[in-house]
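The values are calculated or read from the model by the stated rules, or taken from the named source; none is laboratory data. Source: prediction; values computed, not measured. All Cβ positions, glycine included, derive from the backbone under ideal geometry; neighbour counts span all protein chains shown. Heavy atoms of the whole protein, side chains included, go into the accessibility calculation; ligands, DNA and RNA do not. Shrake-Rupley method; radii C 1.70, N 1.55, O 1.52, S 1.80 Å.
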Amino acid sequence: MISLIFLSILTTAWAQECPDVNKAPLCPNSGSTLLDDTYPTQAFVVSTEGFHTQKKGKLSTNNYLETNIQMPAKFITNIMLSYSKDYPDILVPTYEDDFAELKLAVTKNLKEANVPQKEIDLQLAKIKIVDAHPYTWQQDFFESFVNLETGKPDLRSITSYDKAPMSSQAYTSLIAKSVNCGTEGKGLAKKKLSGTEVGGVTKSSANPKLLSGEYSWGNGEMGGNIEGLPGGLCLKANNQASSFVKEYCGSESNFVEIDVGWLEVGHSDELVKVVPTFPKGSPAECSFSIMVASPDAAMETLKDSDYANRPFIELGTKDPETIKNKIKDVVGSKAGKRLCQVLKDNYIVPGKDGAKKDGASQAFMKILSQFSLDAHAGSGSASGFSCEAALKDISNRKMLDLLSKDEDFVETNRLVQEKMNKAKADMEAKLKERMPQCKNVNFINAPNLFYNDVFAEIDGSKVLPQPGRAGSLFPNPTNAVLANETLIISETPSFALNDKLSKMLKQNGLKSSFVDTWNYAHKGDGNLHCSSHSIPYCQPRGKQ
């Protein structure tokens, strides 16, 4: 009898940990098992490992606390502050001593946010260690789908993924065991074609297998490239095999293909993000917006009168050491090298011939004349020119003027905007066909600029090659994570871009918060969404 009573208590306690699926939106009825980001989240997976500290075994770096604890601690804090009740689980694959440091850092953050101790205790109880190696890219080795009969999570490994510290199946099993009421489903079978080269698709000798749609190529088979749309639709990236997509999305009638192969990362979460809008309208299933990366919006922002005369690099601090370090971070990145080249190409070194190059203002020349080679030589410096100093002082308007003189930069962003316009048109057409009750599809043009150093040519015109090398200049805003009614975004070093996006989200009833992911993930061509995982749930249709 005692054992039966204990079992009953244990069963009740376990049931309380399960999400109440009856309060969630209905599961898709299209046959797709993939949920879009308008569904509630049961748990988030966050690792303590940053990109530059990936090692087998215990991590040891000079900036360990900053890179591996403070960023995920800030992220977890922002998640918790986005909820006033029904706190989600936070699953952390890491080492025990690092987990203890993480919880201390989160506690400190919550206290500084004036959260009552009682609430802090509830929130800390939801942070749980996963007995697995930490790994930056928690988005990629598995994907969280849903069991349509129960509405509960169904985690599936991606068989072709081989970059994690253990097999994708073993790693997924450890995560799945930590998800209350979740299950581990069958892994997604490999359909990947290896050995693709940059520009391969756009060369006359292109491998016909890449063009057929029968194979995935590049980074096609990763979780960051598996994204849902409302109405039980799925984004199918052009570098992901149709047979692979069918494993989780069902019929091809559920596919909406977008072009991502020109990106070095080659993931749809770099370009598109579905978010809910509040308050919800009628019908409720139409209360969504789609964020899309937009070079045009970024350029309009930089020349907007509210931002044009503000610094191009502008942080939320006046601490000179922090500013100096962040500008070093920018200059040391792949995108930063392009910015430095643009600056150097447009300004001559004072004292050479006493003149200025096209686009250089007298005021800026005066600033440059103050720098000496010995005292101010920084990354990208030559003959007395300091890129770090130039970036520190140049305005948004002037930087945009200079970038507009760079033919490759202009052409790259023009081509990207064309691709995004087509993606919007294709998504809108399919959504209206699937959900005719949704009269308008609202798009949020998220300001974002891109860089690229490789072009191909078709019929005499430049094109972005596939597989390509293009990347986001700053952390891209679509690579964000939704927590309740707050979108948590990777912070850019541009006040203008951050502020503009916050205002756009506010118009859609969404709050926003920012986390600095530059060293943690952006230098590895990823950001907040890439380095975490959201596990959603839905209401099974049989419960109606």
Do any residues in the stretch 3-32 that are of a type in the set (Gly, Ala, Ser) have Cβ atoms under 6 Å from those of residues that are part of a loop (DSSP other than H, G, I, E, B) and modelled with pLDDT of 90 or more, where the two are at least six apart or on different chains, and which pairs are they?
Ala24/Pro40; Ala24/Tyr537; Ala24/Cys538; Gly31/Gly250; Gly31/Ser251; Ser32/Gly250
Of all residues in the stretch 225-242, count the ones that are touching a strand residue (DSSP E or B) at 6+ places or on another chain (Cβ under 7 Å), open to solvent by less than 10 Å² (accessible area, probe 1.4 Å), more than 15 Å from Gln139 (Cβ to Cβ) and touching a residue at least 60 places away in the same chain (Cβ under 8 Å).
5
In the stretch 105-123, anything more than 18 Å from Met71 (Cβ to Cβ) and open to solvent by 30 Å² or more (accessible area, probe 1.4 Å) is listed as Lys111, Asn114, Pro116, Gln117, Lys118, Glu119, Asp121, Leu122
State whether the residues of the stretch 500-518 include one that is in a loop (DSSP other than H, G, I, E, B), out of contact with any Ser or Thr (no Cβ under 7 Å at 6 or more places or on another chain) and over 23 Å from Ile90 (Cα atoms).
no
Pull up the stretch 382-414, narrow it to residues that are of a type in the set (Ser, Thr, Tyr) and open to solvent by 40 Å² or more (accessible area, probe 1.4 Å), then point me to the one that is modelled with the highest pLDDT.
Ser404
Among the residues listed as Gly266, Gly261, Gly316, the single one being assigned to a loop (DSSP other than H, G, I, E, B), under 30 Å from Cys387 (Cα atoms) and either open to solvent by 60 Å² or more (accessible area, probe 1.4 Å) or touching a Phe, Trp or Tyr at 6+ places or on another chain (Cβ under 8 Å) (or both):
Gly316
Here is a check on your reading of the model: is Lys432 more than 15 Å from Lys344 (Cβ to Cβ), modelled with pLDDT under 95 and not acidic (Asp, Glu)?
no
Quick test for you: out of Gly200, Gly218, Gly185, pick the one residue that is under 30 Å from Asp20 (Cα atoms) and either of a type in the set (Val, Ile, Thr) or crowded, with 19+ Cβ neighbours inside 10 Å (or both).
Gly185
Residues of the stretch 436-451 satisfying the condition of being open to solvent by 60 Å² or more (accessible area, probe 1.4 Å) and over 17 Å from Gly509 (Cβ atoms)
Pro436, Gln437, Lys439
For the stretch 471-496, which residues satisfy the criterion of being of a type outside the set (S, T, N, Q), without any contact (Cβ under 8 Å) to a residue 60 or more places away in the chain and in a strand (DSSP E or B)?
Ile489
Give the residues of the stretch 57-98 that are of a type in the set (A, V, I, L, M, F, W, C), touching a Ser or Thr at 6+ places or on another chain (Cβ under 8 Å) and either open to solvent by 30 Å² or more (accessible area, probe 1.4 Å) or at pLDDT 95 or above (or both), sorted by residue number.
Phe75, Leu81, Leu91, Val92
In the stretch 1-56, residues that are at pLDDT 85 or above and assigned to a loop (DSSP other than H, G, I, E, B) total 23
Name every residue in the stretch 270-300 that is farther than 15 Å from Phe450 by Cβ and open to solvent by less than 20 Å² (accessible area, probe 1.4 Å), in order of residue number.
Lys273, Val274, Val275, Pro276, Ser287, Phe288, Ser289, Ile290, Met291
Residue that is in contact with a Phe, Trp or Tyr (Cβ under 6 Å, 6 or more places away or on another chain) and not in a helix (DSSP H, G or I), where the choices are Gly526, Gly468
Gly468
Candidate set: the stretch 203-215, residues that are closer than 12 Å to Phe244 by Cα and open to solvent by 60 Å² or more (accessible area, probe 1.4 Å); chosen: the one modelled with the lowest pLDDT:
Glu214
